[in-house]
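In what follows, a structure is listed as C-alpha cells, so that the remarks can point back to it.
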Amino acid sequence: MLKNYVLDTNVLVHDPLSIYSFSDNNIIIPLLVIEELDNLKKRDGILGFHARNAAREINKLRQSGNLLEGVKLPGGGTLRIEMDHMNADSMPDGLDLSKNDNKLLTITWNLQQKDKDIPTIMVTKDVYMSIKGDSLGIRVEDYENDKVTVDEIYKGYLEVKLSSSDIEKIYGNGLKPPRKIKEPLYPNQFLQIKSVDNTSHEGLAIFDGKKIVPLKYANSSAWGLTPLNMEQKMAFELLMDNNIHFVSLAGGAGSGKTILSTAVALQKVIEEGVFRKIIFVKPVVAAGNDIGFLPGTEQEKLKPWMGSFYDAVDNLFGTRAKKKEKSSKGDNSVKSGFSVEGFIDQYREQGVIDMKTFNYMRGRTLCDSLVIVDEAQEITPHLAKLMLTRAGFGSKFVFLGDPTDSQIDNVLVDERSNGLVYTIEKMKQFEISGHVTLSKVERSPLAKIAERYM
C-alpha cells in the first residue's frame with residue numbers, strides 16, 4: 001500500500017542515504033528541514049558531516065526532475081520538497097509553533113487531513129516528537145532501516161558440551177562441528193568447551209570456518225601484556241591474527257578493550273613491523289557539556305579526545321617497567337624519565353603513530369596500517385561504512401566501544417542503531433572478521449563495582 005513518509009531532519013542526519021530506504025513510497029521533505037540542514041552544515045564532527053552528505057544526495061536528484069513537483073527515486077517512489085501545509089489553526093494552544101519540530105508536526109497533520117486515502121507517517125528519531133505526534137493523532141515511526149533487530153547482540157563465543165574424545169580431536173587435527181552443536185557457527189567464533197564425561201576436562205577453541213581448532217596465541221604476549229581472563233584471551237587471539245582484517249570488541253569500562261588493542265598495535269608495528277603505522281581514530285562527541293573551542297594545532301586539539309590511548313600507552317610502559325624491575329633486582333631505569341607524550345610525539349613525527357577524527361577520513365585510503373576506532377558506539381552506521389571502506393591493502397581495523405545507551409552521547413544513535421552493533425551484525429559472517437564481547441572488568445575493584453551497580 002502506498003504511503004507518505006515525512007522525514008524529520010534527524011533522520012537525514014542519522015543516515016544521509018535514508019531517502020532511498022522507503023521502497024516505492026512517497027518521501028516528503030518539508031522546506032524547513034532543508035533549512036535546518038543548511039544551519040547544520042558548518043557544525044564540527046559527525047553532525048556537520050552528515051548534514052552536508054544529506055544535502056548532496058538531495059541535490060543529485062535535481063538532475064532527474066523538479067523537487068517541488070516530485071522526483072522519481074531509483075528504487076521506485078518519489079521524493080518532493082513540501083512548501084505548504086503550514087496552517088496551524090487546528091493545532092492545540094499548548095503547542096509552541098515557533099519551534100521547527102512543532103511546525104513539522106503541523107505539516108504532517110495537515111497532509112494527513114488532505115489525503116486520508118494514503119497513510120501519512122512522520123519518521124523521526126526524536127522521542128519528544130514521537131510523544132507529541134502520537135498525542136495529536138499522527139502516526140509516528142522511528143527510522144528502522146539500520147537498527148539491529150536480533151534479540152541479543154552477537155557475543156562472539158558459545159558455551160558447548162562435548163565428549164572428552166571430541167575435545168582431544170580439537171587439539172589434534174581439529175574437529176568438524178558435531179551435530180550436537182545446534183547453533184550455527186560463524187567464522188572466528190570461540191567455543192568454551194566442557195566435557196560431558198569429565199568435569200575437569202575443558203578448553204577454549206575457535207571455529208576457523210571449517211573446523212574447531214585450538215587458539216594460536218594462547219601463550220603469547222604483546223608489548224609485555226598478557227590477557228587476564230578468558231574473554232581477553234579471545235580478544236587477544238583476534239587482534240594477534242594477521243589473517244583477520246577486522247576486529248570488533250564491545251564491553252564496559254575497564255574490560256580491557258583499549259589496552260589490549262594498543263598493546264597489540266605497538267607489538268605489530270614497532271616490534272614486528274607487520275604494519276607500517278598505527279592510526280587512532282575517535283569520534284568527537286562530548287560526554288556532558290563540551291568545553292568549546294580548543295586552540296592550537298590539529299594534534300593539540302585532538303589530545304583531550306585521545307586520553308584513552310595516552311593512558312593505555314602509559315599503563316603499558318608501567319607494566320613493562322615493573323617486569324624489568326623484577327628481572328633486574330630493583331633497577332627502575334625503564335620507567336625513569338619516561339614521558340608518554342614524548343613517546344607518542346617521537347613516533348608521530350616519524351609517521352608511525354597518527355591520530356585522527358572522522359572529519360579527516362573522506363577520500364583517504366589507509367594501507368599497511370593498524371587502525372583503532374575507539375568509542376565506535378558514538379558513530380552512525382553510515383560513518384562505520386565510511387571508515388571500513390577506507391581500508392587499503394595490508395591494513396587491519398579494530399572497532400572498540402560500549403553499545404549500551406548509558407555510554408552513548410550522540411543523539412543520532414541508540415543501542416540498536418549505532419555503528420558498532422550494526423557492524424558487528426553485518427561482519428560476523430566473514431572469515432576475515434571476528435568479534436568478542438568482554439563482560440569482566442579488570443581495571444580495579446572500585447571500577448568493577450561502579451560498572452556493575454551504578
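The values are calculated or read from the model by the stated rules, or taken from the named source; none is laboratory data. Remember, it's a predicted structure, so these values are computed and weren't measured experimentally. No Cβ is skipped: glycine too gets one built from the backbone with ideal geometry, and neighbour counts run over all protein chains shown. Keep in mind that these areas ignore ligands, DNA and RNA; they rest on the heavy atoms of the full protein, side chains included. Shrake-Rupley method; radii C 1.70, N 1.55, O 1.52, S 1.80 Å.
List of remarks:
- Over 25 Å between alpha carbons, listed pairs K356/K440; K161/K440; K182/K385; K147/K428; K41/K282: K356/K440; K182/K385
- Averaging the Cα positions of each part gives two centres, and for segment 89-120 and segment 12-57 these lie 21 Å apart.
- For segment 338-406: Kirkwood Rh in Å [reciprocal of mean 1/r, alpha carbons]: 13.5
- DSSP bridge pairs, the chain: antiparallel proportion in percent, nearest 5: 20
- Dividing the summed -39500 (n - 2.57) terms of all DSSP H runs of n ≥ 4 by the residue count of the chain sets its mean residue ellipticity at 222 nm at -9500 deg cm²/dmol.
- Residues whose amide H comes within less than 5 Å of that of G394, counting only those at least five positions distant or on another chain, are D368 (H built at 1.01 Å from N in the peptide plane).
- Largest to smallest in accessible area, the residues H245, H435, H85 fall in the order H245, H85, H435 (1.4 Å probe, all protein chains included).
- Aspartates and glutamates with Cα under 16 Å of K277, excluding same-chain neighbours fewer than 8 positions away: D345, E349, D354, D368
- Using θ = phi - 60° in the Karplus curve 6.51 cos²θ - 1.76 cosθ + 1.60, the 3J(HN,Hα) couplings for segment 213-218 round to 10, x, 6, 7, 10, 4 Hz; x is entered for Gly and Pro.
- A cut-off under 12 angstrom between Cβ atoms defines the neighbours of L104, and their net charge, with Lys, Arg +1 and Asp, Glu -1, is -3.
- Residue-wise HN-Hα couplings along segment 410-415, as the Karplus relation 6.51 cos²θ - 1.76 cosθ + 1.60 with θ = phi - 60° gives them from phi, are 7, 5, 7, 9, 9, 5 Hz; Gly and Pro carry x.
- Alpha-carbon centroids, segment 427-450 and segment 257-278: separation in whole Å: 18
- Cα-based helix-to-principal-axis angle, 340-349 vs the chain, degrees rounded to 10: 70
- Among the listed options (1) 4, 18, 25, 22, 16, 10, 4, 1, 0; (2) 4, 15, 19, 18, 16, 13, 9, 5, 1, 0; (3) 4, 20, 30, 27, 15, 4, 0, the one matching P(r) over Cα pairs in 10 Å bins from 0, in percent as calculated from these coordinates is (1).
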